[in-house]
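Notes to accompany the following structure.
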Amino acid sequence: MSFVIKCLDCGHKAHYYPTSVTCPQCNSQWREAEYDYEAIAKTLPAQLASRPFDLWRYRELLPIRNPNPSLALGEGGSPLLPAINLGMMLGCPNIYIKDERQGPTGSFKDRQASVTIAALKEAGITEMVAASTGNVAISYSAYASRAGMKLWAFVTSLVPSVKMREIALYGSQVIKITGSYDQCKQVAQEFARQRGLYQDMGARTITSIEAMKTIAFEIVEQITAAQGPSPNTAWHTPDWYVQAISGGMGPLGVHKGFRELKQMGLIDRIPAFAPIQADGCAPMVTSWKKGLETAEVVKSPQTHIETLATGDPGRAYQFLRTRVDETNGVFESVTDEEAFRAMHVLAKMEGISAEPAAAVAFAGLFKLIRAGVIKPTDTVVVNCTGHTMPAEQSVLGDNWSRDVKFPSREETPQEGLLAALTQVAPEKFPRIVVVEDTSEARRLIRRILQSQGNFTILEATNGREGLEMIQRELPDLIILDLMMPEMDGFAVLEELRAKPETAAIPVIVATAKELTPEEKNRLGGQIQSLMQKGDFLNDEFLEEVKALIK
């Protein structure tokens, strides 16, 4: 296999050896692999058809001379899932989730570990050091164990204990550092230096960047299968790629993947990149928004999402800044609370349980769509980088469970069971009637409401049925569509306001069309809020619901 390592500073090219971590010409640590792209472009597309859909189907574009199948754990080949409910909610129907939770250890770091360990094994290296906030060490531990290598895992004391135990389970030595992640990396670097051990260097590790680019390769194949080929090239690309970042390695690698595909003529453009950080540790975001070429260091990260708490990204910021600007992308940040809320929305709308770091990307997506940066017609891929660990109290909040006392022997079975069920779903929960003739819209509204609180939700499929249900149930709130057969929303409102028992029930009108001035006047004084479908994630909708049912 033909490839060389090119220095990003002086351009010097050399052969690849994992233990050679600096350019022999200028001593730079920033280098990347180069391949014979012209030759690979002629043969790779035809070869893919007969290969398994995993990371190693792109082996001609990886820095491994002789891939060893015995080291593989099933890495790569993660599904690209259409986010149908999120798309409806956000008014952006072409959102896809790259589900990296389905890697061998549950995160996208499995790609990094699999390629790096394969290269180290090929070079005869038997011991290595890695600093981590959890996922990197878990992935490296699994692959090091399979390869018969020793891993020294340096982690901060804020890493959840369940992750530390998993690292240790694989046989790795866990060294817990009471300090920031940047300090943890410093200790690991000195330890590796003193013992002469190989150390993972994040974005400066050639194999890490090369592994991450396989995400781009898979995305273009999957998008093409979903949407058809581009008019000009064999493969299709999304308009946006969104990912949460700490040190920036992931997007740097993914961008390189798109860049190589474009260089080979297999795609005609690179998507806009949107790296997302947590507000409490967002050196890249704040520096980019200030127009700085060098990142301002965050010395004391103020985020509970420890896996994203890299306060000093170093030169990774400069490289990623260039990639973002070249693609007309953006850096953005979100609060911890926005990320935790996105965890709930993602789980309850799409059935995907993501870790807080991955939820940062989705919170960023929501923010960029609201701001109009991502357009309704854009195709977006969001990297769901990892699966959640057992959820902590700070994520779930209060009242996440209910206690049920099973009936005693003295109670009759029926009475006791009914009593238990009333504890599960007490009548005190506010009741909401949704009157909507489209099943997809009813499902969407139900899921949004269920993701925000405990409501009893009743559904009617047309205006006549809705009116009868409202008069019978006398709910706390009505969410009403205007355009329905038989009896439209305007007629329902007139009937409701004509009867004393229903006249005071608050109504939120949901409509997919822009109303004329006459239609707005017709609604005047009869409803509490007018919401456009596709804008249901707007805080105004949820706050309006909460205010009206108090």
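Overview of results
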{"read-out": "Residue-wise HN-Hα coupling along segment 436-449, computed from phi with Karplus coefficients 6.51, -1.76, 1.60 (Hz; x: Gly, Pro)", "value": "7, 7, 9, 5, 5, 5, 4, 4, 4, 4, 4, 5, 4, 5"}
{"read-out": "Residues with amide H under 5 Å from that of A272, placed H, sequence gap 5 or more", "value": "W240, Y241"}
{"read-out": "Order of T126, T19 under a 10 Å beta carbon neighbour criterion, fewest first", "value": "T19, T126"}
{"read-out": "Computed FRET value (nearest 0.05) for D54 with A226, which takes r as the C-beta separation and R₀ as 22 Å", "value": "0.70"}
{"read-out": "Estimated D of segment 109-204 in µm² per second, where Rh is the Kirkwood radius over Cα pairs and Stokes-Einstein applies at 4 °C, 1.567 mPa s", "value": "100 µm²/s"}
{"read-out": "Translational D in µm²/s for segment 133-270 (Stokes-Einstein at 4 °C, 1.567 mPa s, Kirkwood Rh from C-alpha pairs)", "value": "76 µm²/s"}
{"read-out": "Along each principal axis, Cα extent of segment 177-334, largest first, Å", "value": "54, 38, 26"}
{"read-out": "13 Å beta-carbon shell around P45, net charge (K/R +1, D/E -1)", "value": "+1"}
{"read-out": "Cβ-Cβ FRET estimate between S2 and T516, R0 fixed at 51 Å, reported to 0.05", "value": "0.15"}
{"read-out": "The chain: angle of helix 181-195 to the longest principal axis, Cα-based, in degrees nearest 10", "value": "20 degrees"}
{"read-out": "Where trypsin sites (Lys or Arg not before Pro) fall in DSSP loop in segment 488-524, at most 15 other Cβ within 10 Å", "value": "K513"}
{"read-out": "E436, E210, E350, E60 arranged by Cβ crowding within 10 Å, fewest neighbours leading", "value": "E60, E350, E436, E210"}
{"read-out": "Under 12 Å, Cβ to Cβ, from V373 - net charge with Lys/Arg +1 and Asp/Glu -1", "value": "0"}
{"read-out": "The chain: angle of helix 249-263 to the longest principal axis, Cα-based, in degrees nearest 10", "value": "80 degrees"}
{"read-out": "Surrounding net charge for L496, when Lys and Arg each add one and Asp and Glu each subtract one, Cβ distance under 15 Å", "value": "-4"}
{"read-out": "Two-site FRET efficiency, T22 against V187, from Cβ-Cβ distance with R₀ of 30 Å, rounded to 0.05", "value": "0.90"}
{"read-out": "Simple spin-label estimate for K176 and N66 in nanometres, 7 Å along Cα-Cβ", "value": "4.3 nm"}
{"read-out": "Label-point separation in nm, E38 to K150, each point 7 Å along Cα→Cβ", "value": "4.8 nm"}
{"read-out": "Cα-Cα P(r), segment 47-192, percent of pairs per 5 Å interval", "value": "2, 10, 16, 17, 17, 13, 11, 8, 5, 2, 0"}
{"read-out": "Relative counts (whole %) of C-alpha pair distances in segment 1-48, using bins that are 5 Å wide", "value": "5, 21, 27, 16, 11, 11, 8, 2"}
{"read-out": "Orphan Cys of the chain, criterion: no other Cys C-beta under 4.7 Å", "value": "C92, C184, C281, C384"}
{"read-out": "Cα-based Rg of the chain normalised by 2.2 N^0.38 Å, two decimals", "value": "1.11"}
{"read-out": "Unsatisfied cross-links (Cα-Cα over 28 Å) in the set K42/K109; K299/K348; K163/K256; K109/K262; K348/K520", "value": "K42/K109; K299/K348; K163/K256; K348/K520"}
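Values in this text are rule-based calculations from the coordinates and carry no lab data. Worth saying up front: this structure is predicted, and the values here are computed from it rather than measured. Reconstructed Cβ throughout: ideal geometry from the backbone, glycine too, with neighbour counts over all protein chains shown.
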